[in-house]
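Heads up: the structure comes next, in structure tokens.
The values are calculated or read from the model by the stated rules, or taken from the named source; none is laboratory data. Keep in mind that this is a model prediction, so the values were computed, not measured. Cβ sites come from the backbone with ideal geometry, for glycine too, and all protein chains shown count toward neighbours.
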Amino acid sequence: MNTTPSEPQDILGRRLAVHLDQAQQHLAYDITERLRAARTRALAAHKRSSIEWKTANEIQIQNGFLSLKPGNRFQGLYQTFVSMLPLVCLAAGLVFLYDFHNDQSAMELAEVDSALLIDDLPPQAYADPAFAFFLKTNPSLKE
């Protein structure tokens, strides 16, 4: 244990303890016993108020969250299912978005292809940047 105090509070505390110990020698026995009992209670209260570190799983079990009755053989399976459920939902959403995006792209390409096939203009006209700009500025010609 380190006996050299490093902080000013430690130095002040040690000096006060020395003065109190010297003054205690002149007190009556019953007073010294009450002081000793008070010190013991203060140390016990200080030890109880120290921080207790717990894992998240211990706190959840203590509070009753995400736990079933003790001894249930499906508890591990249940916790695994509950923890994997958001991942499964995310994957399903991404698959849905991917499929929707592909459908939209296919519909747009089909619309362009059908417009090219039934139109009187040759396909090279649509590749011309000036013609594309002309179509964008005149929306009535698109139909």
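Could you list all residues from the range 21-40 that are modelled with pLDDT of 80 or more, surrounded by 10 or more Cβ atoms within 10 Å (Cβ to Cβ) and in a helix (DSSP H, G or I)?
Across the range 21-40, the qualifying residues are Ile31, Thr32, Glu33, Arg34, Leu35, Arg36, Ala37, Ala38, Arg39, Thr40.
Between Gly76, Gly64, which is at pLDDT below 75 and surrounded by fewer than 10 Cβ atoms within 10 Å (Cβ to Cβ)?
Only one candidate passes the filter, namely Gly64.
Output the qualifying pairs, or none if there are none: Cβ atoms under 7 angstrom, residues six or more apart or on different chains, first residue in the range 107-120 and surrounded by 11 or more Cβ atoms within 10 Å (Cβ to Cβ), second residue not aromatic (Phe, Trp, Tyr).
Leu116/Pro123
Hey, among Asp120, Asp99, which residue is in a loop (DSSP other than H, G, I, E, B) and of a type in the set (Asp, Glu)?
None of the other options fit; the residue is Asp120.
Is it the case that some residue within the range 44-60 is at pLDDT 80 or above and either in contact with a Phe, Trp or Tyr (Cβ under 7 Å, 6 or more places away or on another chain) or farther than 30 Å from Thr80 by Cβ (or both)?
Taking every residue of the range 44-60 in turn, at least one turns out to be at pLDDT 80 or above and either in contact with a Phe, Trp or Tyr (Cβ under 7 Å, 6 or more places away or on another chain) or farther than 30 Å from Thr80 by Cβ (or both).
Answer yes or no as to whether Glu7 is modelled with pLDDT under 80, among the acidic types (Asp, Glu) and over 30 Å from Phe81 (Cβ atoms).
Here the answer is no, as Glu7 does not meet what is asked.
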